Every structure is written in structure tokens, then in C-alpha cells.
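Read-outs throughout are calculated quantities, based only on the coordinates presented, and are distinct from any laboratory measurement. These numbers come from a predicted model, not from an experiment. Quick reminder, even Gly has a Cβ in these numbers, built from the backbone with ideal geometry, and neighbours come from all protein chains shown.
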Amino acid sequence: MADQTISIQSATAETPLVRLVLMAIAFLFLALFLFLPLVVVVSEAFRNGVGAWFQAILDPDALASIRLTLLVAAISVPLNMVFGVAAAWAIAKFEFRGKAFLITLIDLPFSVSPVISGLVYVLLFGSGSVLGPWLKGWGIEILFAVPGITLATIFVTFPFVARELIPLMQDQGSADEEAALSLGASGWQTFLHVTLPNIRWGLLYGVLLCNARAMGEFGAVSVVSGHIRGLTDTMPLHIEILYNEYNFAAAFAVASLLVGLALVTLVLKTAIERRYAD
Amino acid sequence: MTATVQSSRWHFREPGVIPGFRLTFGFAVCYLSLVILIPLSGLVWHSSNLGWDAFWALASDPRTIAALKISFGSAVLAALINTVFGLVVAWVLVRYRFPGRRIVDAVVDLPFALPTAVAGIALATLYAPNGMIGAWLADFGFKVAFTPAGIVVALVFIGLPFIVRTVQPVLEEVDREIEEAAATLGASRLDIVRRVLLPGLLPAILTGFAMAMARGIGEYGSVIFIAGNIPYVSEIAPLLIVIRLEEFNYAAATAVGVVMLSISFLMLLIINLIQAWSRGRFGHG
């Protein structure tokens, strides 16, 4: 019986030994590169006990960075969500010239270095530019202030929702919408009652990934923020400052909040994927 | 695609009953232009203001060249490591059933969800000479954190999901009957994997490799904590941009930025070419 099993397996499957080795390599690699970093963040964060963790989180500068991170995400994620829905509607429901080019342009921020995403806004609104001093004359600060941080975050998280929705809506086609329209529904009614329920999970998925990136963005924000403690430091920037001050416990305490965000994102993502599959 | 009958009149878009084209297309293009295209073209405009000679002098500065080489070299090396291990991970996830497979599958996306700065300080702590892995490696005489090897470690972390997530769906679609056919014709398991499966996976592998590499070249947050950031040794190109900006040397920052942007466009072009070739040859992109 055992011989038979092995001879059957050997044709289209690996021998148990090869299988074991492959699984061991995969698990070891994932443990080394993905699991251990998580363990380190959590263990370092609570190294000095729960009290020290709370103290680090409740520090006024840390709280200010949390508030700023939430504010920036609260502006940039909805804007990119509206863009994502509009772009996906235009691309999935219509045939027009240059569509492939438009899709490539939407994906562009994914292949641009985050530092360059920040650099372009420094050049656009910096002291050497035309726009920056002019806006300053009106009392509007872009760089080293919340608007610049928000713009850089929007740049970096730009494609997430659109990228999720475009293939989904292309797959779904327009038959449902055409039916609704022929029955007398208006464009908005069709969108709200027909399209939106069809795309809600994909939309949520895109918003989730967009939000995770918006709250965690470092490179782009670092270039435009000016690193003013308590004013223009987002959570990732605050982590950097604490880390460079050798205040590791506090750095990891703030970092553990972002690990929590990442884990919640992954759990929700997996749950949505399951719903998708059903 | 949908329009097989075309009227002789030139249409920007095919006519249809669905409303909202002007609104959605107009908004999408305006927003795209304002947020992405105009700022990016500002970078190109700034560099053209420098003049070619000045630009070339800045771009060919030895420190710039060294930083670009380090970014490029570590990105290639990390993508190669990820190709090997990413393939094994994708294979194990698709072909084998084991308890906790869903969790392992979800964890692969961690580098997408975890902020890069958090990954950076975690990896730096792990691989530091007194860290969990670093201390162990130090016994064998290896030093990873604060050396160029540290850059590769950070980029392996960042790039892993790209390979797994491009290869995985293609591997799931593979028709097992092809393998059975090859087996009945007397091919060994290794031959089947090497000569039947791998060629079909090649476009996905190449796409994942190029995506991981493109991401690696531009990566900043996870690298700077672990790299040591010594000029000419472990200073990456994005960091050099930040340093030039802190010196208010906007011209030099712009020059490095334009070179990196050109590399990004080149990588994007390569990825699109691979996918077009794959669609033509294998019927999937």
C-alpha cells in the first residue's frame, strides 16, 4: 500500500521528502523576514512594561503625531476614493481612445520612489518656486505644513482604489446598469442602487489598502514635513525621531500601534477576500 | 473591443446609453493632472532649466553614481533572492494543504500593510550585532546591519509579496492534466517542473521580478535604518536626494530625481512589454 502511494505520487507530485524540504524553506524564510520583525516590534514596545508603553503613547508629541496621521488619512483617503470610483466608472463603462495610456498613468505613482513624490512638491511649492512665495503672500503655507503632507500622501496612495475597482468593474460589465437605466432609473440612482452594491467589497478593499499606506507613508512625507515636533510629525516620522534619539522603547511603542493597524488591515483584507470567493 | 462596427466618423468614445462619462472622465483626468502629472512635469521642467551640461555634471557626480549603483545593485540582488524564495512560497501555498495555510497566505501581504519605517527599525534591531539574528550571524563573522547587506535584507522584505502575488494566481490556473500528460510520456518530476511548468510561469516571474526591482530602487523608509548610510558604501539614491534637499541644493536633488524617474519609466515600460509579450504568447497577462 505504501509503495503504491509513493509510485502514484511520484508521477505528478513531489516525494514527501522534497515536499517537506520545500515547506521548511518557505516557512523558515517567512518566519525570518516577516514574522520575526513583528515579534521584535511588540517585544521591544513592551520591554519596560505596559506602563512605559502607555507613557510613550500618551506623550503629547506622540498624541500630536497620531492626530496628524489620522487627519491626513481622513483627507487623502476619501479624495482618492472618489477619484478611484470616477476613474473606474469612466474606464470600465466606456470605450474611448487612450484608455490603456490612462490606466498606465494612474499606476504611475506605484513605480515612482516615495522620495520623488515628496521632491516634486518641494520643487512646486518651495522657496525657489513661483507658487510657494505667492501662496505665502496670501498666508497659505503648503510646505512644512499639513497641506504639503496631505498632498504627498495623496500622491503616494493615488492608485489604490482605482486599481482595485477598474478590473472588477470591467469584469462586471454594464448589463446591470443598462437594465436599470432602461427601467427609468436616473444615472445617480443607477450608481447608488446597482453599481455601488456590486462593487462594495472591492471598494472597501481598496480603501483599506489606501488607508494603510496613507497612515504609514514615510519617504514622501519625510521630505515635505520639515519634522517640526508636535506640529508636522506624523506617526512614522515620530518613530524615526525617537529611534534616532535612542529612545527605542518609545519608538517601538508608537510602532506597535502601526503594527496593529497593519494586522487589522490584513485580517479585514482576508475576510473580504473570503466574501469575494463565496 | 466591443465596437466591431465603426462608423466612419471619428469618435473619441464609442456611443452608449450609460451616462456620466464627461463627469467621471473629466474629474479623473483633472485630479490626475493636478496631483500627479503637473507636479511630476515640474521636476522635469526644473531639470531642463539647469541646462544639459550642469545636469550632466550633477548626474555624473561620483557620489550620485555610487548611490545609484548601490540602489540598483541591491534591488537586483534582493529581487533575485525573492524570485527563488517567492517561488517556493507560492508553490507551497498553491500545491500543499496544511493547517494554517490561510494565515500564512495572509501574512505574505504584510510588507504591503506594514509601514516602511516600522519595518526598518524592526529589521535594524533584528540584524544589529546585538540583535536576535545579528548576534547569531556575528558568530559566523557576518555583519548585516549597517553594511550594504542590510540594504538587501530590507529590500527582500519589501519585495517578497510582488513575486508571490504575481506567480500564485498563474500557478493556480495551471492545468494539472498537462503535468499528467508529461508524466505519462515518461518525464521525471524535476523535468516536468523545469520544462513544463516553469516556462508557463516565466512571464509572471519576470513581471514580479521587475515590480520588486522597481520598488526596491526607490525604497527609502525601510532601508535607511539598517543601511548605515555611509557615502560611496551604503548610501542609496533616494537618501542622497533627501540629503541634497536638506542642504538646499535643489539642483542636485532634481538631477538625481530625474535620473531615478527615468529608471522608473524604463521599469514601467519593461513591465508593460513583458505583459504584452505574455498575453500574445500565453494568453494571460
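Summary of computed values
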item: Segment residue A:71-residue A:47, length gained on full extension (0.36 nm per residue, minus Cα span); result: 5.6 nm
item: Magnitude of the charge dipole, the protein assembly as shown, Cβ model with Lys/Arg +1 and Asp/Glu -1, debye to 20; result: 460
item: Per-pair calculated FRET efficiency, R0 = 51 Å: residue A:146 and residue B:276 via Cβ, rounded to 0.05; result: 0.75
item: Cα-projected label distance for residue A:176 with residue B:132, points at 7 Å along beta-carbon direction, nm; result: 4.4
item: Loop GluC sites (Glu not before Pro), the stretch B:161-259, which have at most 14 other Cβ atoms in a 10 Å radius of their Cβ (DSSP); result: B:247
item: With 10 Å bins from 0: P(r) over the stretch B:39-282, alpha-carbon pairs, percent; result: 7, 25, 30, 22, 12, 4, 1
item: Whole-number percent relative contact order across chain B, with pairs defined as alpha carbons under 8 Å at least 6 apart; result: 27
item: The stretch A:57-157: trypsin sites (Lys or Arg not before Pro) in DSSP loop, at most 13 other beta carbons within 10 Å; result: A:97
item: Inter-label distance for residue B:33 and residue A:130, nm, one decimal - labels placed 7 Å from Cα along Cα-to-Cβ; result: 1.6
item: Chain A, relative contact order in percent, only Cα pairs under 8 angstrom and at least six apart counted; result: 30
item: Kyte-Doolittle mean at least -0.5 and Cα axial length at least 24 Å: DSSP H helices in chain A; result: A:60-93, A:196-216, A:248-277
item: Distant alpha-carbon pairs in the protein assembly as shown (separation over 35 angstrom), percent; result: 41
item: Dipole axis of chain B (+1 Lys, Arg; -1 Asp, Glu on Cβ), positive-most option in B:90, B:21, B:159; result: B:21
item: Translational diffusion coefficient (Stokes-Einstein; Kirkwood radius from C-alpha pairs) of the stretch A:48-275 at 37 °C, 0.692 mPa s, in µm²/s; result: 168
item: Chymotrypsin sites (Phe, Trp or Tyr not before Pro) restricted to DSSP loop in the stretch A:195-278 with at most 14 other C-beta within 10 Å; result: A:246
item: Span from the the stretch B:9-65 Cα centroid across to the the stretch B:240-285 one, whole angstrom; result: 14
item: Using θ = phi - 60° and Karplus 6.51 cos²θ - 1.76 cosθ + 1.60, couplings along the stretch B:143-155 (whole Hz; Gly, Pro as x); result: 10, 10, 5, 6, 9, x, 4, x, 4, 5, 4, 4, 6
